[in-house]
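Novice: Below you'll find the structure I mean.
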Amino acid sequence: TTNIVELEQITEPTSQQIIDENRDYTLFSWSVQNAANPVHLKRAEGVYFWDGDDNRWLDFSSQLINMNVGHQHPKVLNAIKKQVDELCFAGPSFATEPRGTLGKKLAEVTGLAKSFFTLGGSEANENAIKIARLYTGRNKIITRYRSYHGATMGSMTASGDPRRWPVEPGMPGVVRAFDPYCYRCPFGQKVESCHRECVSHIEEIIRMEGPDNIAAILVEGITGSNGLLIPPDDYYPKLRALCDRYGILLIDDEVMSGFGRTGMWLATQHYGIKPDIVTAAKGLTSGYMPLGTVIVSAPIAEYFETHMLYGGLTYSGHPVSCAAANANLAVYEEESIFENVETQGAYLTHRLNSIEQRFACVGDVRSIGLFSVIELVKDKVTREPLAPFNGTSPEMGKLAAYLKSQHLYAFTRFNMLWVCPPLIITQEQLGNGLDIIEEGLRIVDATLAS
Ligand code: PLP
C-alpha cells in the first residue's frame, strides 16, 4: 500500500484530468458552462504559451489584452519574488515602499496627482464613479453604448454593450450616448464631412438631463472590446471642452488602451488632452499580479484632503502587486517597449491595410499601436456584418476554429477579430501570426463565394 500511495503522490494529473477538474469544480466567465472548452495552459514564455500536449501557441491576444511585456518576464518575476520575501502584505492604512513608488510614477506619467489602488479594472471604474459623485455632489454618469467598463454591478451598468443587459436596471443614474464609430456612423455621416455629431449630441443629452445633475462622462480611452473605435483627431479636444463648459468630470478608462498598448502611457495622450480621472489595470502589471488604479487630478486629490474618501478594500495597495507594477513599468522604459510598439504597429497597420484591400470579407481594419481589429462583412458595399451584433455565425465560427487549429490564440467577438499581441513581439512573430490570419480569411472568402 505504501508504494501505491507514493505512486499516487508522484503521478502528475493528465491535461484531460486538469481540464475536467476545472470544468467540474469551477465556473468559467461569460460562458454557458457546458460550452466552455478550455485549453490547459501549462507554461509560457514571451509571446508563446504551451498547452498540455506541448503544442506551442502564439498569443495574439496577450491573454486578455493585458500581458503587455509578455509571459514570464524575468525582471517582473524577480521583483515579485523579492517583495514576497520582504513583505507579503500590509493593510491599506499602512505606508509601504512599493505603494509610494508606484503612486509617484503614475502621477509622473499621467500628469495627474494621486492614485487609489484596487484589484482590477471593474473596481477601478466602480471607485472612479463614486469619487466623481462625492467630488461633484452630482449623480448622473454619461457613458457610451459600445463601451465595456467591467463586471461588478456599477461598472457593468456603466458599460453600454449587451453584457449589461442581464443585470439591468443595475445602478441608477447612467445615461448613454453614441460612439465615434466612423465605419458605421450612428448619425449616418462620413468622417470627412460630418459635424462631429458624436460630440454635439452629447451636449444635447447634457441639456436634457440637466448639466447640474451630471457628475462625469466615462469613456474608454480607445474603445477596446467593442471593436477599436478610434475617434477623429478633434473628438477628445471637443469632449474635453464640453466637460469644462458644464463642470463635468472626464473619466478616461484606460484599462485596456493604456500602458503602452497604443504606444503611449494613455491613449488620450495621442490627442493632447488631460482627463480628470484615469482608471487603469491590465497593462499596469501586465497581469503578473492583480492591480487596478483610479488616478485623480490635483483638485480632486485636494478635495479629499478635507473630505472623507468613502471607500476601501482590504487589498488596496497590495505590496506584491505594487512591486510587480513598478518592475513592469520599469521594463517599458528600460527595454524601449513603446518604441517597439511604434515600429511593429507601423508594420501591423501596413499588413492590415493590405488585408483590407485583398479580402472580400474584410470591411474595415482599425489599428493604433499594437491595438487592432479586423471587421468582417458579408459584402464590402452593403457592409452587412459577417455575424449579427451580439451574435455569431457559421463563418465566424469557422474562422475561429481555423485559428485555433493553427495554435494562434486571437480574440473573436461578433463580426470582429482582434490582433493585440504582447508589446515585445518581433516583426517575424507578428508576420507569422498574420499569415495564419490571412489563410483563415481566405477560407471565409471561399465560403462566401460558394
Ligand atoms: N474597462 C475596460 C476598458 C476593459 O476592457 C475591462 C476588461 O476587459 C475592464 C474595464 C474591466 O477590468 P477587469 O476585468 O480587470 O475588472
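Novice: Go through segment 197-209 and give me each residue that's closer than 18 Å to ASP244 by Cα and of a type in the set (D, E, K, R). I'd like the intermediate steps shown before the answer.
Specialist: Of segment 197-209, the ones closer than 18 Å to ASP244 by Cα are 198-209.
Residues satisfying the conditions are GLU203, GLU204, ARG207, GLU209.
So that you can scan it fast, the table gives a plain yes or no per residue for (1) touching a residue at least 40 places away in the same chain (Cβ under 8 Å); (2) within 20 Å of the chain's Cα centre (by Cα):
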position	(1), (2)
TRP30	yes, yes
ALA36	no, no
HIS71	yes, yes
LEU77	yes, no
ASP85	no, no
PRO92	yes, no
ALA107	yes, no
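Novice: Any idea which of (1) in a loop (DSSP other than H, G, I, E, B); (2) hydrophobic (A, V, I, L, M, F, W, C); (3) away from the ligand (no atom under 15 Å from the Cβ) is the one ALA151 doesn't satisfy?
Specialist: Going through (1) in a loop (DSSP other than H, G, I, E, B); (2) hydrophobic (A, V, I, L, M, F, W, C); (3) away from the ligand (no atom under 15 Å from the Cβ) one by one, ALA151 breaks only (3).
Novice: Ok, one more. Evaluate segment 348-361: report whether one residue or more is among the aliphatic types (A, V, I, L, M) and touching a Gly at 6+ places or on another chain (Cβ under 9 Å).
Specialist: Residues of segment 348-361 among the aliphatic types (A, V, I, L, M): 348, 352, 355, 360.
When the remaining residues are screened for being touching a Gly at 6+ places or on another chain (Cβ under 9 Å), the result is 348.
Checked against the condition, which is being among the aliphatic types (A, V, I, L, M) and touching a Gly at 6+ places or on another chain (Cβ under 9 Å), segment 348-361 yields at least one hit.
Novice: Hey, among ILE129, ILE141, which residue is part of a strand (DSSP E or B), within 16 Å of the ligand (Cβ to nearest atom) and not charged (D, E, K, R)? If you could, list the steps in order and put the result at the bottom.
Specialist: On the way: ILE129 fails: part of a strand (DSSP E or B).
Answer to the check: ILE141.
Novice: Still on this structure: So GLU192 fits all but one of (1) surrounded by 16 or more Cβ atoms within 10 Å (Cβ to Cβ); (2) without any contact (Cβ under 8 Å) to a residue 40 or more places away in the chain; (3) not in a strand (DSSP E or B); what number is the exception?
Specialist: (1)
Novice: Do you know which residues across segment 249-288 are within 12 Å of the ligand (Cβ to nearest atom) and surrounded by fewer than 24 Cβ atoms within 10 Å (Cβ to Cβ)?
Specialist: GLY287
FYI, it's all coordinate maths here, none of it is from the lab. Everything quoted here is computed from the prediction, not taken from an experiment. Backbone-built Cβ (ideal geometry, glycine too); neighbour counts: all protein chains shown.
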